[in-house]
Amino acid sequence: MECFYALALIAGILVAFVLLVLIATYHNSFKAEIPPDVDQPSKLCLYHCVYTLMEILAKNLESLGIFEEHILMRLIVDGLPACRDSKLFIKDLHFDEVPVRIYLPRVPSGSKRRGVIFFHGGCGMFGSIRSHERICRYIARKSDSVVVSVGYHLSPEHKYPAQTLDCLTATVHFLKTAENYGVDSDRIILCGDSVGGTFTASVCQELVNRRDIPKIRAQVLIYPFLQALNFNLPSHQKNAFVGFLSREHTVRFILKYLKKDCSMKEAILAGSHVPEKMNLKYRKWIYPDLIPEIFKLGYKPPLPTSFLPQVHEETTELFETRFSPLLAEDTVVCRLPDTCIITCEHDVLRDDGLLYKKRLEDNNVKVTWYHMEEGFHCALGFFGYGIFSFPSSSKMVNHTVNFIKGY
């Protein structure tokens, strides 16, 4: 009987916990905005509710000391394993201790193939080779390329800039050994989504002065994060509460990625982490007036805010070009390879892509730009799941493939 009561008590506690999570999810899910013109709004709303449930559950489990929040979120982001692919050879290797997975088309080629190095998104804390498996397989098959997916080490176990350095290490290794995989070392393209786009931009910038290895032929940035100075651009205001990646979530993820105190979030959102001298220096590259008028409907200049030196000193990483590639000097930007940028209308990071597009064009770098009117951040992660995917997911991947095939 005592055992029965004990089990009943445990069951009651679990039921109460689940109910609390569901109530919290119901409340929080309506804080998000699902624009009527976004890709399949009802489906997006459902997915956002499920994501919010998992996020709250993860936070509660962490507060109970069961396991840390990011562990559960990684399991969710990784998705379901893909089925066997008869058209590709797939190998797991290490490039100088960095895990990679290589996708090689089985059909023989009469000449050396192009190579694609892919850096997955996930805020530097989530995502993996597995989470982007379907995307990399599709790119390899449809573009007849050898694709290298980089499994860089994640934060918080591996502190920044370990992620960028892993991507750089894997890229240099592949550039030096491309011929071993039947790849023309002069036709290697870097590609990444979200923070993977950050790593792509950063690696390309760091390699412009290298003369001991072949040059990167092109880069693909899919809704990239490119600057941490201004979180009050038109896209930040317009999409402040859009599902999956709100303005507040963006800064929270940044602070968690850098292992910083999340209490600084409000100060960074307000811009109090940037001294006026730095704002004046970089307003030629990061400023609302540089955004095309069509993307500024409803924009309101933010209220003036006081500079907080202690917050600035605690977050100096935000001003490194490795973290904010938009801050790179023109002497670097002008030497970057041909670039494809994909932006989404319903994305807080939309204007990062628009500003980088302008910088590249101002420095005579060839840019191919695709803007997804119905797109939203994280849409790429749903690619390859059939009816559970979004049309915009396929469009992004197909734009990427078409661009790659041009090289």
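None of the figures in this text is laboratory data; all of them are computed from the coordinates on show. Predicted model, so just to flag it, every value in this text is computed and none were measured. Here the Cβ is made from the backbone with ideal geometry for all residues, glycine too, and neighbour counts use every protein chain on show.
Observations on the structure shown:
- Euclidean distance between Cα centres, segment 125-197 to segment 238-281, Å: 27
- GNM result for the chain, Cα springs below 10 Å: residue of Cys191, Cys136, Cys262 fluctuating most strongly: Cys262
- Distances between placed amide hydrogens fall under 5 Å for Phe89 paired with Leu104, Arg106, all partners being 5 or more residues away or on another chain.
- With the helix formula -39500 (n - 2.57) applied to DSSP H stretches of n ≥ 4, the chain reaches a computed 222 nm mean residue ellipticity of -12500 deg cm²/dmol.
- Kirkwood hydrodynamic radius over Cα pairs of the chain, then Stokes diffusion coefficient at 4 °C and 1.567 mPa s, in µm²/s: 59
- Excluding exposed DSSP-loop trypsin sites (Lys or Arg not before Pro) (at most 14 other C-beta within 10 Å), longest clean stretch of the chain: 285-365
- When you filter the GluC sites (Glu not before Pro) in segment 309-371 for DSSP loop state and at most 10 other Cβ atoms inside 10 Å of their Cβ, you are left with Glu329.
- Gaussian network model of the chain, Cα within-10 Å springs - most flexible of Val251, Val50, Val397: Val50
- Distance histogram for segment 47-174 (every C-alpha pair counted, 10 angstrom bins, percent rounded to whole numbers): 12, 36, 30, 16, 4, 1
- Stretch gain in nm, segment Glu62-Asn364, where the contour uses 0.36 nm per residue and the Cα spacing is subtracted: 103.8 nm
- Dipole-positive endmost among Gly110, Asn398, Phe174 within the chain (Cβ charges, Cα centre): Gly110
- Segment 310-381 shape via C-alpha gyration tensor axes, a/c threshold 1.5: oblate
- Cross-link pairs beyond the 20 Å C-alpha cut-off, checked among Lys43/Lys142; Lys87/Lys405; Lys296/Lys357: Lys43/Lys142
- In segment 58-87, the GluC sites (Glu not before Pro) that fall in loop regions by DSSP, at most 16 other Cβ within 10 Å: Glu68
- Long hydrophobic helices in the chain: the complete DSSP H runs spanning 20 Å or more by Cα along their own axis with mean Kyte-Doolittle hydropathy of at least 1.0 are 2-29.
- Beta bridges by DSSP in the chain, antiparallel share as percent, to the nearest 5: 30
- Remark: Asp261, Asp352, Asp338 ranked as Asp261, Asp338, Asp352, counting other beta-carbon atoms within 10 Å and listing the fewest first.
- Among the chymotrypsin sites (Phe, Trp or Tyr not before Pro) in segment 64-134, those placed in a DSSP loop whose Cβ has at most 13 other Cβ atoms within 10 Å are Phe67.
- Pairs with C-alpha atoms separated by more than 24 Å, drawn from the list Lys176/Lys259; Lys159/Lys265; Lys112/Lys215; Lys256/Lys300, are Lys176/Lys259; Lys256/Lys300.
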